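These notes are about the structure you will find just below.
FYI, it's all coordinate maths here, none of it is from the lab. As the structure is a prediction and not an experimental result, all values here were calculated from the model. As a convention, Cβ positions derive from the backbone with ideal geometry for all residues, glycine included, and neighbour counts pool all protein chains shown.
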Amino acid sequence: MDRKKTLQEMNKFLKGIHMGISTFKDYLEKSESRELRRELTSIIDSLKKHEKVITKRIKELGGNASESIGIIGSMGQIFEKIKLITADKDQEILCHTIKYMEIEVKNGNKFIQDNQGLEESLMKDVKCVVDEYCTHLKKLQQFW
């Protein structure tokens, strides 16, 4: 995969991480139980760590890392906020959180499948992110 395409794809992946951080912050604001808040905080911290790694990798490739979620991400985020308006119990928030994390795992795996041409070290970083998504999903499902 050429450098331009690599940067484009990695920025797309980074935008997804940005959106995840924003969405999980919304879930954290609505949650009440200490255990759920702790797990949501852990997810946000994990996403911020991955955001730094992917941003650094994009810059190492000579690119400009995306700092926003983009127009499509903004529309998705608005839709997610609308769905969350009626959620007033931790169980409802947990349901939204699990569904969102399932989508993140699915999108991450699709990214891996669609970008087999990424250099090995970049792919390793992406797989690390998706693996952590899976770990967080399992923890969230244990609350259910």
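The simple Förster model, with R0 at 25 Å and r as the Cβ-Cβ distance, assigns E67 and K5 a FRET efficiency of 0.75. The residues neighbouring D2, those whose beta-carbon lies less than 14 Å from its own, together hold a net charge of +1 under the Lys/Arg +1, Asp/Glu -1 convention. Working from label points 7 Å from Cα in the Cα-to-Cβ sense, the S42 to Q113 distance is 2.9 nm.
Between E120 and V53, what is 0.36 nm times their sequence separation minus the Cα-Cα distance? Round to one decimal in nm.
22.6 nm
The alpha carbons of region 3-143 stretch over 46, 29, 22 Å along the principal axes, in descending order.
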